[in-house]
Amino acid sequence: MRETRLWQLHLFSALALIVLLSLHMGVQHYEKILTGLGLVGENVRDFASVAGRAGSAWWNVLYVLLLGFALYHGLYGTRRILHEVWYSRRATRVIDTLVVVFGLAVFIYGLWGILQATRMGGAL
Amino acid sequence: MASTSSRSTAVAEANPAQAEAAGAAAAATITVRVARFDPEKDKALRWQEFSVPTAPGMTVLDALVSIKEHQDGSLAFRSSCRMGVCGSCGMYVNGKPRLACQTQVGELGQVIEVAPLPNHDVIKDLVPDLSRTFEHHRAIKPYIIRDDEAEMASPTREFRQTPEEMERYLQFAYCLKCSLCVAACPTAATDPLFLGPQALAQAYRYTADTRDCGWQERFDVIATDHGIFNCHLAGACSEACPKGVDPALGIQLMKRTLVKGPAHRAPAPIVEEPKSVIDESKRPQAPPPTV
């Protein structure tokens, strides 16, 4: 049942990515639409705006979730492809271990980056 | 033969143009390119061409039989029922996995390429090694599993099942085990440990059967590293199936069953003992045996 849970989480992460990426892309690249709707101020990519978001707990939670779900979704797919390329039982165990170690390392590094940005945003 | 000759004469007298066309059709030939492989001599497949006279309604299997009878007796292929029931004659015909006995040469053009099924080892010429398909099929426990072992060992009556309950798995029960779906599967092409569409669809067939309660045993086999979640949903298996079974649908339904559990939580009970018995004494009896 472990594989079933992992697959369910893969599907859930896809749904979460639709929401989280929509928010991210909406704010970063389609700000005119949001500005037109009166949801954000102008110049969302100004340093002050970026630093303001970096200091916001809501935005940081959003980016931690985006990082986690994107990593999980991508690495789950990569793992499946690698299982087909190297298909021995031993290779399967090695791939699983590498994917988990790589995923955790990148997640911790990303988390550190977000915390640094929060500190800088809060300092302004 | 006599009747054919007399019919031909009659047609020739009635309509010479029609007789000429019939003669031309009888003399028409096709080129059959056959992949040959002898494990004792060859390291890879090699192609050999045969010219085969055609006849109306001729199948690829008929053409191969004709080659074996009249041109090369060493050609190896597998066949049995010649009517699309046994699933023995699965081959790769003009780039698609098909049953040779169900494929008419008239649909395929002047040149027909026949090769052994992809994604399988080759035993000789057009004979694929189906042992991996059968191994995977066996692994998913393709039989009714129940917890009432005494009833299973010595059944007293039938298990209850409505026509609607049977409809849930009926199409998957038409599987011939011909392995055409496995030959078409892109995942099976790269991962030999992948259970494959045949076994996975059969796992659903038995799990959806209300008489069964062995789903947990099947879940343990199919929800694994090289199990059901490796399916790319290409749908090639469903295209290839000669009996109209939709293994891709079976795999999707099985995924849902893995998440939500089967629709039935307990196996179907045996039918109740009839309350009234028809009086058989008034029925006419069969005459006594004469021998």
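The values are calculated or read from the model by the stated rules, or taken from the named source; none is laboratory data. Predicted model only: the values in this text are computed from it and were never measured. When we count neighbours, we look across all protein chains shown, and the Cβ atoms used for this are built from the backbone with ideal geometry, even at glycine. Please note that ligands, DNA and RNA were not included when accessible areas were found on the heavy atoms of the full protein model with its side chains. Shrake-Rupley method; radii C 1.70, N 1.55, O 1.52, S 1.80 Å.
Worth pointing out:
- Single residue of region A:105-124 satisfying the filter (open to solvent by 100 Å² or more (accessible area, probe 1.4 Å), under 16 Å from the mean Cα position of the chain (by Cα) and of a type in the set (A, V, I, L, M, F, W, C)) that is farthest from the other protein chains (Cβ to nearest Cβ): A:L115
- Look at region B:267-279: where a residue is on the phi < 0 side of the Ramachandran plot and a partner is of a type in the set (D, E), sitting 6+ places away or on another chain with Cβ atoms under 8 Å, you get B:P267/B:D147; B:P267/B:D148; B:P267/B:D212; B:A268/B:E165; B:I270/B:E151; B:I270/B:E158; B:V271/B:E158.
- Selection of helices (runs of 4 or more DSSP H) fully inside region B:186-240 by the criterion of at least 3 residues being touching a residue at least 60 places away in the same chain (Cβ under 8 Å) returns B:196-207, B:215-222.
- In region B:208-225, the residue that is nearest to B:S179 (Cα to Cα) out of those that are within 14 Å of another protein chain (Cβ to nearest Cβ) and polar (S, T, N, Q) is B:T224.
- Condition met for B:L193 (facing another protein chain (nearest Cβ under 9 Å) and either open to solvent by 10 Å² or more (accessible area, probe 1.4 Å) or under 28 Å from A:W86 (Cβ atoms) (or both)): yes
- Test: residue in region A:23-44 that is open to solvent by 40 Å² or more (accessible area, probe 1.4 Å), among the aliphatic types (A, V, I, L, M) and within 14 Å of chain B (Cβ to nearest Cβ): no
- Single condition B:L180 does not satisfy, out of (1) at pLDDT 95 or above; (2) touching a helix residue (DSSP H, G or I) at 6+ places or on another chain (Cβ under 6 Å); (3) open to solvent by 20 Å² or more (accessible area, probe 1.4 Å): (3)
- Screening region B:144-177 for residues that are closer than 26 Å to B:N94 by Cα and open to solvent by less than 70 Å² (accessible area, probe 1.4 Å) and picking the one that is farthest from the other protein chains (Cβ to nearest Cβ) gives B:L176.
- Scanning region B:30-56 for residues that are under 18 Å from B:N94 (Cβ atoms), out of contact with any Ser or Thr (no Cβ under 8 Å at 6 or more places or on another chain) and open to solvent by 30 Å² or more (accessible area, probe 1.4 Å) gives B:R33, B:L45, B:W47, B:Q48.
- Residues satisfying the stated conditions in region B:163-221, i.e. farther than 17 Å from B:S238 by Cβ and of a type in the set (V, I, T): B:T190, B:T207, B:T210, B:V221
- Candidate set from region A:47-99 (those that are open to solvent by less than 60 Å² (accessible area, probe 1.4 Å) and of a type in the set (K, R)); member that is nearest to the other protein chains (Cβ to nearest Cβ): A:R80
- Among the candidates B:I228, B:I251, residue that is within 12 Å of chain A (Cβ to nearest Cβ), under 23 Å from the mean Cα position of the chain (by Cα) and either more than 30 Å from A:W86 (Cα to Cα) or modelled with pLDDT of 95 or more (or both): B:I228
- Count of region B:249-280 residues which are open to solvent by 90 Å² or more (accessible area, probe 1.4 Å) and not in a loop (DSSP other than H, G, I, E, B): 3
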